[in-house]
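Here the structure comes first, spelled out in structure tokens, and everything after it is commentary.
The values are calculated or read from the model by the stated rules, or taken from the named source; none is laboratory data. Keep in mind it's a predicted model, so treat the numbers as computed, not measured. As a convention, Cβ positions derive from the backbone with ideal geometry for all residues, glycine included, and neighbour counts pool all protein chains shown.
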Amino acid sequence: MLKKIATFSAVFGLLLLAYAGIEFSILNVWQPHDTILAVSGIILLLVYLVADFKEIISSFSKRSSQLNFKTLFGMVLVFALLIVVNFISARRSLRFDSTANQTNSLSYQTIQILKGLEQEIKVFGFFKSDQSDQIRDIFGIYENYTDKITFKVVDPDKENALASAYQVEKYGTVIFDGGELKDFTANISEQSITNGILNVTRKTRKGIYFSEGHKETDIHSEEKKGYSKIATKLYLQSYEPKKLILAQTVEVPKDLSTLVIVNPKIDFLEGEIEFLKKVLVARKSICVLVEPAIELPRLFSFLREWGIFIRDDVVVDLSPANQTYGGDPTLPLVVNYASHPITKKFGKILTVYPIARSVDTLQTTKPLFKTILASTSPESFGETDLEDGKVRFDPESDKQGPLGIAVVSEAIVSLDSQSPKVVVFGDSDFIDNFYQDKTGNADFFLNTISWLASDEDLISIRANEANETKLVMTQGETVVEFMLTIFILPGFFFFLGIIVYLRRKE
């Protein structure tokens, strides 16, 4: 009876030790109950050794016992190997994301921010013990790219002092502690977490000012044509969206990084044009988004000085790719981008521009770098006569595509100073509340603002989201697909059938 109890003690003791070791290797946290399990396991093993000490010593001389010992040693070795593998994998994980849009991976933008961290950041996730798995997995991915972030899951019910120190009032709160600066979020999405990291590492928010006084759309409007969503995304990227009435402003605000002019319907006064010049003299940046059929002589003349020409037309897109997206010829689709920091990670990401006008570059006496950032397809053209409601190309008055949708102009200055920059889009609807989340529209605009604000580390594709995949083909590819499916493949099998029939007949 005593022998059976001793054997049971040995087996149960090994199981307790194995459980404590495996749990620690997976969770990377030594819990109080793990100590109890480990101590209990050691005590049970000691009971076995004391109870069967003489038999254990004598059994080593028997061949069968030696074989059993080798088997037991092998099992212990396998258990130890599993613990070591789990311990290493918990700290050096290897992940594969097979989703088409890489929705389970960090965006390139976030990775660049993590690799560029220079200060230590403590992150505390205040969750119940049974609700911490998701946040632990997310921050495990973050920790793979930097050693500057230390993360800890805290149960506020068990660590009241820490929760009180950070004034945590509800479960699900994540605290970012950068020393002098602190931030929090209740949203555990990639964008919110990365924004929290930025907020405690960047001392101030740069001001992105939106002009007022020319019937521009309100940036805080939540209507379909408003810009509240893009304003929120700017804030989440550590910018401060603000309004600015140019006619009432004499000096350039100190925190102004970029002045954005969205869909003005009234031309600028001479004094306001002088203010725009002050902005650029102060080596700040300007972004202009205009709509067709609105003439702004003073503003357009100012932009011509920066080598940017705005045509009086409406871009019409008759490409096959346009048909796959909905077939509206006044909704040009763009997949062609210049080699530029704004679009360096774009590849063939689609952007759409509902009812846009074309923009182009001009020769100027100023030393400027001018680039057409985004261009429409060769099948597009600039329609200059829509009065009869018919869309047709007139070679005498209409310009054949590709046409520019966005143009950038940058002053050439010394390398040790920031250059003033101007970007013009021939459309403003592409970032309104309805269109901003269509394909890559928001990314294009946010990348533009980041470049204008000299924050190139923020230029990339934002947090990945699952979306539908569309096959966009050129006109040549459409013809090949049509011939292949309608004539070539059916014709091949028809011809093969005739051959088989003739051979059988013979």
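Would you say LEU280 is surrounded by 15 or more Cβ atoms within 10 Å (Cβ to Cβ), over 29 Å from the mean Cα position of the chain (by Cα), in contact (Cβ under 8 Å) with a residue 40 or more places away in the chain and within 18 Å of TRP451 (Cα to Cα)? When the stated conditions are applied, LEU280 passes them.
So, in region 306-328, of the ones that are touching a strand residue (DSSP E or B) at 6+ places or on another chain (Cβ under 8 Å), farther than 14 Å from VAL407 by Cβ and assigned to a loop (DSSP other than H, G, I, E, B), which residue ends up modelled with the highest pLDDT?
Step by step, filter region 306-328, then rank; the result is ASP313.
Here the condition is being without any contact (Cβ under 8 Å) to a residue 12 or more places away in the chain and over 28 Å from PRO32 (Cα atoms); of ASP183, ASP133, ASP218, it holds for ASP218 alone. Per the listing TYR166, TYR145, the residue uniquely surrounded by 15 or more Cβ atoms within 10 Å (Cβ to Cβ), touching a Lys or Arg at 6+ places or on another chain (Cβ under 8 Å) and more than 21 Å from LEU106 (Cα to Cα) is TYR166.
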